[in-house]
1. Regarding residue 49, is this residue at pLDDT below 95, surrounded by 14 or more Cβ atoms within 10 Å (Cβ to Cβ) and either in contact with a helix residue (DSSP H, G or I) (Cβ under 6 Å, 6 or more places away or on another chain) or more than 15 Å from residue 118 (Cα to Cα) (or both)?
2. Kindly list, by first and then second residue, each pair from a residue in the stretch 66-79 that is on the phi > 0 side of the Ramachandran plot to a residue that is in a loop (DSSP other than H, G, I, E, B), limited to pairs with Cβ atoms under 9 Å and residues at least 6 apart or on different chains.
3. Residues to consider are 54, 88; find the one that is surrounded by fewer than 18 Cβ atoms within 10 Å (Cβ to Cβ), free of Cβ contacts under 8 Å to residues at least 60 places away in the same chain and within 12 Å of the chain's Cα centre (by Cα).
4. Looking for something within 14 Å of the chain's Cα centre (by Cα), buried (at least 17 other Cβ atoms within 10 Å of the Cβ), in contact (Cβ under 8 Å) with a residue 24 or more places away in the chain and closer than 19 Å to residue 16 by Cα - is there at least one such residue anywhere in the stretch 95-106?
5. May I ask you to verify whether residue 35 is surrounded by 11 or more Cβ atoms within 10 Å (Cβ to Cβ), farther than 18 Å from residue 111 by Cβ and touching a helix residue (DSSP H, G or I) at 6+ places or on another chain (Cβ under 8 Å)?
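The values are calculated or read from the model by the stated rules, or taken from the named source; none is laboratory data. The structure presented is a predicted model; accordingly, all values stated were derived computationally and were not measured. Methodologically, a virtual Cβ is constructed for each residue, glycine included, from the backbone with ideal geometry; neighbour enumeration extends over all protein chains shown.
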């Protein structure tokens, strides 16, 4: 293998060890995702996404989110202006996490209800 192939293999190995549950707990629970803190960067980000989807000319039949990870907050406001939403990700563990949420499975790593209510 040359250096480039070694780097690609190392990156693939790193991603295969990704833990969506740990990622979600770290990034999408307080203090990072705090709905009580009006100065929260996360609330600002959700507001920007909401405005982009509801105040502009962004609408259509199909919204495709490339590289969703195990998250769906980024398309929540888009559900109001698109008829169908597709989330995609390279990692099977992220796709499985999203499927658990869709099935309302008890082993889903994060309850997205507060995010949906806020949106």
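1. Working: at pLDDT below 95: yes; surrounded by 14 or more Cβ atoms within 10 Å (Cβ to Cβ): yes; either in contact with a helix residue (DSSP H, G or I) (Cβ under 6 Å, 6 or more places away or on another chain) or more than 15 Å from residue 118 (Cα to Cα) (or both): yes.
For residue 49, the condition - at pLDDT below 95, surrounded by 14 or more Cβ atoms within 10 Å (Cβ to Cβ) and either in contact with a helix residue (DSSP H, G or I) (Cβ under 6 Å, 6 or more places away or on another chain) or more than 15 Å from residue 118 (Cα to Cα) (or both) - is met.
2. From the stretch 66-79, the pairs are 67/88; 67/89; 67/90; 69/18; 69/89; 69/91.
3. Values: 54 fails: within 12 Å of the chain's Cα centre (by Cα).
Only one candidate qualifies: 88.
4. yes
5. Numbers: surrounded by 11 or more Cβ atoms within 10 Å (Cβ to Cβ): yes; farther than 18 Å from residue 111 by Cβ: no; touching a helix residue (DSSP H, G or I) at 6+ places or on another chain (Cβ under 8 Å): yes.
It is false that residue 35 is surrounded by 11 or more Cβ atoms within 10 Å (Cβ to Cβ), farther than 18 Å from residue 111 by Cβ and touching a helix residue (DSSP H, G or I) at 6+ places or on another chain (Cβ under 8 Å).
Yes/no matrix, rows are residues, columns are (1) modelled with pLDDT under 90; (2) surrounded by 15 or more Cβ atoms within 10 Å (Cβ to Cβ):
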{"residue": "27", "(1), (2)": "no, no"}
{"residue": "30", "(1), (2)": "no, no"}
{"residue": "59", "(1), (2)": "yes, no"}
{"residue": "63", "(1), (2)": "no, yes"}
{"residue": "77", "(1), (2)": "no, yes"}
{"residue": "93", "(1), (2)": "no, yes"}
